[in-house]
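K.L.:
Below is one structure. I have some questions about it.
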Amino acid sequence: MANVRPFTAWRPADGYAEKIASLPYDVYSRSEACEEVKNKPLSFLRIDRAETAFDSTVDTYDGRVYKKAGELFREWKERGYLIKEEKPQYYVYSLTMGDRTQTGLVLCAAVDDYINGTILKHENTRADKEADRFRHIDELSAQTGPVFLTYRAVKEIGELISRVRNTAPLYDFTSDDGIRHTVWAIDNGDDIAAVTESLSHTDHFYIADGHHRAASAVAVGLKRREEHPDYSGDEEFNYFLSVLFPDDELMIMDYNRVVKDLNGLTVESFLKRLADGFEIERCGSEAYRPRKKGEIGMFLDGGWYKLTSKICERDCGPVNSLDVSLLQNEVLAPILGISDPKTDGRIEFVGGIRGLDEPERRAKETHGVAFAMYPTTISELFAVADAGLLMPPKSTWFEPKLRSGLLIHEIEK
């Protein structure tokens, strides 16, 4: 059963939330991060990506970068940009994109639940990315970006959240990308107890986004346990910052692929190879967005195609039945020679929020091929995680993105 608890947050002082809140650290390249903090000097990205304080001769993973992050974090607390709550609380965090709103609980999930499988993942982490966030969390002694968790909706939690949303919010602002962010505190003792009790009966939480943040927070927690062999389990380092959303409010967007070449094939020979496994229909210059499972849009040689799998029944397990697996197993590996998409430099991934113009543009630039995918569903994510399996890389793109710096969980040395 799940173990969650409230926490005593550091958060932006009045008037600073909109200035401080930033997109997750990993959605920016280094040059993009530098430009962002140049335009927004109080963006939390200054702390999450402290290499922006140095010129390009200083490596992103240089020890000075993490030291600088810690210095900035302490400075912002001293200057009053960030303030500390007086007691542990839960929070409600609502994000509205267009006409769709998703609302979650900000809480601390247990390191042990990650270890024992109560919190399930659906993708592997990369050692270098995990090491980066490990050093960042360890230096700051704080988790600054929440892990995006989901669960099968619980009626009682939904009713409590609805009631809290009728109270005055701590923050309510619209970010530059048009996303409205609203945060409320759950500071009533009875409500706090009700959240803890209701969620304690939940069998599993699922990591939707933030696998590296979760793995790094857990690794720091285990390090702190080694440093404090008399730990009780109640220390803050035994928990990590999360936002928990019900499954029925989430949207997974497509995660599209671009391959920079045709692996030595001509356009004609490539299409001939594809015809073994797909019905191929030319669609002209207008981008084709798949309408159902088993369909893939493809941009090739100036035009779009609709690919429809000839495999009528794909009841071949929760991973191989995914459309991203269909593409990998039937096209990327056997035809285009991409056996490991995690490491092959010939493939790029483009999140669905960027539309289909971007993968088309990239394919044109390289004379390669772009694939538009039908989105993975939340039920497919649950099925893979429940089976203890892992999806191919870049199978899910969640929108909108959580902001960092709004609520910070400080852990003890």
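The values are calculated or read from the model by the stated rules, or taken from the named source; none is laboratory data. Remember, it's a predicted structure, so these values are computed and weren't measured experimentally. Positions of Cβ are generated from backbone atoms using ideal geometry, with glycine treated the same way; all protein chains shown enter the neighbour counts.
Results for (1) farther than 17 Å from VAL183 by Cα; (2) not basic (Lys, Arg), shown as yes or no for each residue.
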| site | (1), (2) |
| --- | --- |
| LEU72 | yes, yes |
| GLU78 | yes, yes |
| ILE83 | no, yes |
| TYR91 | no, yes |
| MET97 | no, yes |
| ARG100 | no, no |
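Conditions (1) surrounded by 19 or more Cβ atoms within 10 Å (Cβ to Cβ); (2) modelled with pLDDT of 95 or more, marked per residue:
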residue	(1), (2)
LEU307	yes, yes
CYS312	no, no
GLY368	yes, yes
MET391	yes, no
SER404	yes, yes
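K.L.:
I've got another one for you. Looking at the stretch 359-404 only, could you name the residues that are of a type in the set (Asp, Glu) and in contact (Cβ under 8 Å) with a residue 12 or more places away in the chain?
P.N.:
Those that are of a type in the set (Asp, Glu) and in contact (Cβ under 8 Å) with a residue 12 or more places away in the chain: GLU360, GLU380, ASP386, GLU399.
K.L.:
Also, I was wondering about something else. Give the residues of the stretch 75-87 that are surrounded by fewer than 19 Cβ atoms within 10 Å (Cβ to Cβ) and either in contact with a Cys (Cβ under 9 Å, 6 or more places away or on another chain) or without any contact (Cβ under 8 Å) to a residue 60 or more places away in the chain (or both), sorted by residue number.
P.N.:
GLU75, GLU78, ARG79
K.L.:
Search the stretch 15-33 for residues being of a type in the set (Ser, Thr, Tyr) and surrounded by fewer than 19 Cβ atoms within 10 Å (Cβ to Cβ), and hand back the single one that is modelled with the lowest pLDDT.
P.N.:
Per the stated criteria, the residue is SER29.
K.L.:
Here is a further query. The conditions are (1) assigned to a helix (DSSP H, G or I); (2) farther than 23 Å from ASP99 by Cα; (3) aliphatic (A, V, I, L, M); (4) out of contact with any Leu (no Cβ under 8 Å at 6 or more places or on another chain), and ILE353 fails exactly one of them. Which is it?
P.N.:
Going through the list (1) assigned to a helix (DSSP H, G or I); (2) farther than 23 Å from ASP99 by Cα; (3) aliphatic (A, V, I, L, M); (4) out of contact with any Leu (no Cβ under 8 Å at 6 or more places or on another chain), ILE353 breaks only (2).
K.L.:
Quick one: MET298 ticks every box in (1) in the same structural domain as ARG354 (by TED's automatic domain parsing); (2) within 30 Å of PHE205 (Cβ to Cβ) except a single one, so which number is it?
P.N.:
Of the numbered conditions (1) in the same structural domain as ARG354 (by TED's automatic domain parsing); (2) within 30 Å of PHE205 (Cβ to Cβ), the odd one out for MET298 is (2).
K.L.:
Against the condition over 26 Å from ARG11 (Cβ atoms), surrounded by 17 or more Cβ atoms within 10 Å (Cβ to Cβ) and in contact with a Lys or Arg (Cβ under 9 Å, 6 or more places away or on another chain), how does GLU123 come out, does it pass?
P.N.:
Spelling it out, GLU123 is indeed over 26 Å from ARG11 (Cβ atoms), surrounded by 17 or more Cβ atoms within 10 Å (Cβ to Cβ) and in contact with a Lys or Arg (Cβ under 9 Å, 6 or more places away or on another chain).
K.L.:
Looking at (1) in contact with a Leu (Cβ under 7 Å, 6 or more places away or on another chain); (2) in a helix (DSSP H, G or I), which is the one condition that is false for ARG11?
P.N.:
(2)
K.L.:
Just to verify a result, which residue in the stretch 97-118, among those that are among the aliphatic types (A, V, I, L, M) and crowded, with 20+ Cβ neighbours inside 10 Å, is farthest from ALA217 (Cα to Cα)?
P.N.:
If we take residues in the stretch 97-118 being among the aliphatic types (A, V, I, L, M) and crowded, with 20+ Cβ neighbours inside 10 Å, then LEU105 is farthest from ALA217 (Cα to Cα).
Rundown of residues vs (1) outside the structural domain of ARG354 (by TED's automatic domain parsing); (2) at pLDDT below 95; (3) of a type in the set (A, V, I, L, M, F, W, C); (4) closer than 30 Å to TYR305 by Cβ, yes/no style:
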{"position": "SER198", "(1), (2), (3), (4)": "yes, no, no, no"}
{"position": "TYR206", "(1), (2), (3), (4)": "yes, no, no, no"}
{"position": "GLY210", "(1), (2), (3), (4)": "yes, yes, no, no"}
{"position": "VAL218", "(1), (2), (3), (4)": "yes, no, yes, no"}
{"position": "GLY221", "(1), (2), (3), (4)": "yes, no, no, no"}
{"position": "THR266", "(1), (2), (3), (4)": "no, no, no, yes"}
{"position": "LYS272", "(1), (2), (3), (4)": "no, no, no, yes"}
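K.L.:
Residue by residue through the stretch 34-74, note down the ones that are in a helix (DSSP H, G or I), over 30 Å from ASP234 (Cβ atoms) and over 26 Å from the mean Cα position of the chain (by Cα).
P.N.:
ARG64
K.L.:
Output the residues belonging to the stretch 184-193 that are part of a helix (DSSP H, G or I) and not small (Gly, Ala, Ser).
P.N.:
Scanning the stretch 184-193 gives ASP190, ASP191, ILE192.
K.L.:
Right, here's the next one. Among the candidates LYS342, LYS293, single out the residue that is loosely packed, with under 15 Cβ neighbours inside 10 Å and under 25 Å from VAL384 (Cα atoms).
P.N.:
Only one candidate passes the filter, namely LYS342.
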